[in-house]
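These notes are about the structure you will find just below.
The values are calculated or read from the model by the stated rules, or taken from the named source; none is laboratory data. It should be emphasised that the depicted structure is a prediction, and the values quoted were computed from it without experimental measurement. Glycine gets a Cβ as well: all are built from the backbone with ideal geometry, and neighbour counts include every protein chain shown. Quick note on the areas: whole protein, heavy atoms, side chains included, nothing else; ligands and nucleic acids left out. Shrake-Rupley method; radii C 1.70, N 1.55, O 1.52, S 1.80 Å.
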Amino acid sequence: MPDLTLDEFRAEATAFLDANAERRDPEQRFVWGEGDDAMALFEEVDPETERRELERAKAWRAKRFDAGFGYLSGPEQYGGRGLPSAYDRAYAQLEAKYAIPDQGFFGIGLGMVAPTILAHATDLVKEAYLQKMYRGDIVGAQLFSEPGAGSDLAGLQTKAIRDGDEWILTGQKVWTSGAHYSDIGEIICRTDADQPKHKGLTGFVVDMHAPGVEVVPLRQMTGGARFNEGVFNEERVPDDHRLGDVNEGWSVALTTLMNERASIGAGSGGGGLGLANSVRLAEMLRHFGLDQDPVHRQDLADLYIKFQVAKFTNQRALDKIKAGQAPGPEMSIAKMALTQNLTQTAEFVASVLGPRLVADTGEWGTYAWSQFVLGTPGMRIAGGTDEVLRNIVGERVLGLPKDPGIDATTAFKDLKIGTQGG
């Protein structure tokens, strides 16, 4: 048990936050027509604004880390304090009461890449990157999806060929969030093409600023370009930057994916986003004179209930992690529930606003929702498509038989050939 009790820790954290940030007004209520009406799932900003926001975010993380609140549950040898995860949650609850710079820049690096580095990297890599990541000195990206291997991650073709103490990486990655401002990336490559597709994979940590790495922005239908394509042209990576054993990259990828779904599904979007928006949606009904319409009232109640259920389901998963157990299929449920609830929210908004959603008349709280609606389909892909997640839940939670895939079909054919030949 830590010498510092939770109450003592909360007092320490509150003193730091009071001295360095402004408290949010707890009495502030949402009023239709007042304030910013932006509702984008993926905020789109110009490069210069993004650069300034990133600098502010890094400055806050550095201040927070230097005060002892940047890596609370991390090992002390990598800049952490070695406290239980309950202290992370306690700090997050306190910090949410203050106005601080947007920390979304670090979501992927700290939510997905850093835990994978801690679990699978060499001591050299841990010492080189973990403290810098949690202090905000560097940002991490995840390099998994490819043009021909999105949902089927094991079908990736980016290759890594060993050359002495180095690996030569060649290939293409897509849909990499934040690659344009990231410093390092976690990448999974094929290192043995003769093995089955789930074998022969190896993970690495790569320098995103290296000459053999090209980052190309991908324009979305929202108008922004927060996702990127990464092209690796014979980029050399030292073997000491390998994650896990050679050809055992699938287990490395699973570590990242489970943390990814925990980060996306059990984050504020899992339940908090919908519950916070319920007030805005109710006020929208009142503003347009639909608050007594039984169909819209029922739809809003149904949406609220589903976000509340998602919140409770997420809490079950977080309690499992708190008990020292690895994230499991609950994270897939959380991610799937999130995308379904966001899709239902978009449909509800469209039913209320009608043409106001697609025609910008300047009316507050109407056309601004178009960014939310256009961003929702992307959430059905990020962190695992709905189809893949349904398979995971069906097989691992409901115990349904596994669908025959390419590998299974091939094995069946081989079996038939062998039987006929023998």
Seminar exercise, completed: Taking Rh as the Kirkwood radius computed over alpha-carbon pairs of the stretch 71-162 and applying Stokes-Einstein at 37 °C with viscosity 0.692 mPa s, one gets a diffusion coefficient in µm² s⁻¹ of 215 µm²/s
Problem set entry | For the stretch 180-267, alpha-carbon Rg and Dmax in angstrom | 14.8, 42
Problem set entry | Distance (nanometres) between label positions extended 7 Å along Cα→Cβ at Asp7 and Val309 | 3.9 nm
Seminar exercise, completed: For the table Lys58/Lys97; Lys173/Lys320; Lys173/Lys335; Lys132/Lys199; Lys199/Lys402, the rows whose alpha-carbon distance is greater than 24 Å are Lys173/Lys320; Lys132/Lys199
Problem set entry | Under 5 Å, built H, 5+ apart or other chain: amide partners of Thr158 | Gln172, Arg190
Exercise. Under a 1.4 angstrom probe, counting protein chains only, how are Phe312, Phe16 ranked by accessible area, largest first?
Worked result: Phe312, Phe16
Exercise. Taking the Cα atoms only, what angle lies between the long axis of helix 406-421 and the longest principal axis of the chain, rounded to 10 degrees?
Worked result: 30 degrees
Problem set entry | Accessible surface, the stretch 103-199, averaged per residue in Å² (probe 1.4 Å) | 39 Å²
For this session: Translational diffusion coefficient, Stokes-Einstein: compute it for the stretch 283-378 using the Kirkwood radius over C-alpha pairs as Rh, at 20 °C and 1.002 mPa s, and state it as an integer in µm² s⁻¹.
Result: 141 µm²/s
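Full extension from Ala193 to Ile161: what is 0.36 nm times the residue separation minus their Cα-Cα distance, to one decimal in nm?
10.5 nm is the gain from fully extending Ala193 to Ile161.
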Exercise. How far, in degrees from 0 to 90, does helix 249-265 lean away from the longest principal axis of the Cα atoms of the chain, to the nearest 10?
Worked result: 0 degrees
Seminar exercise, completed: Once all protein chains are kept in place, Phe372 shows an accessible area at probe 1.4 Å, nearest 10 Å², of 0 Å²
For this session: Report the label-to-label distance for Asp88 and Asp239 in nanometres (one decimal), using points 7 Å from each Cα along the Cα→Cβ vector.
Result: 3.3 nm
Exercise. At a 1.4 Å probe radius, carbon and sulfur cover how many percent of the accessible area of the chain?
Worked result: 53 percent
Seminar exercise, completed: Helix 47-66 sits off the longest principal axis of the Cα atoms of the chain, rounded to the nearest 10 on a 0 to 90 degree scale, by 80 degrees
Seminar exercise, completed: extent check for the stretch 109-226: Cα max minus min per principal axis, descending, whole Å, gives 41, 40, 26
Exercise. Pick the calculated Cα extents along the principal axes in Å for this structure from (i) 70, 45, 42; (ii) 74, 56, 44; (iii) 58, 53, 44?
Worked result: (ii)
Exercise. Mind checking which of Glu234, Glu363, Glu283 has the largest fluctuation in a GNM of the chain, springs on alpha carbons under 10 Å?
Worked result: Glu363
Exercise. What is the distance, in nm, between label points placed 7 Å from the Cα along the Cα-to-Cβ direction at Ala225 and at Asp293?
Worked result: 4.0 nm
Exercise. Of the residues Glu22, Glu43, Glu214, which exhibits the maximal mean-square fluctuation in a Gaussian network model of the chain defined by a 10 Å Cα contact cut-off?
Worked result: Glu22
For this session: Return the calculated 222 nm mean residue ellipticity for the chain, to the nearest 500 deg cm²/dmol, obtained by summing -39500 (n - 2.57) across DSSP H runs with n ≥ 4 and dividing by the residue count.
Result: -14500 deg cm²/dmol
Problem set entry | Between the stretch 65-111 and the stretch 366-394, the alpha-carbon center distance in angstrom | 28 Å
Seminar exercise, completed: Bounding extents of the stretch 3-98 in its principal axis frame from Cα atoms, largest first in Å, are 49, 34, 24
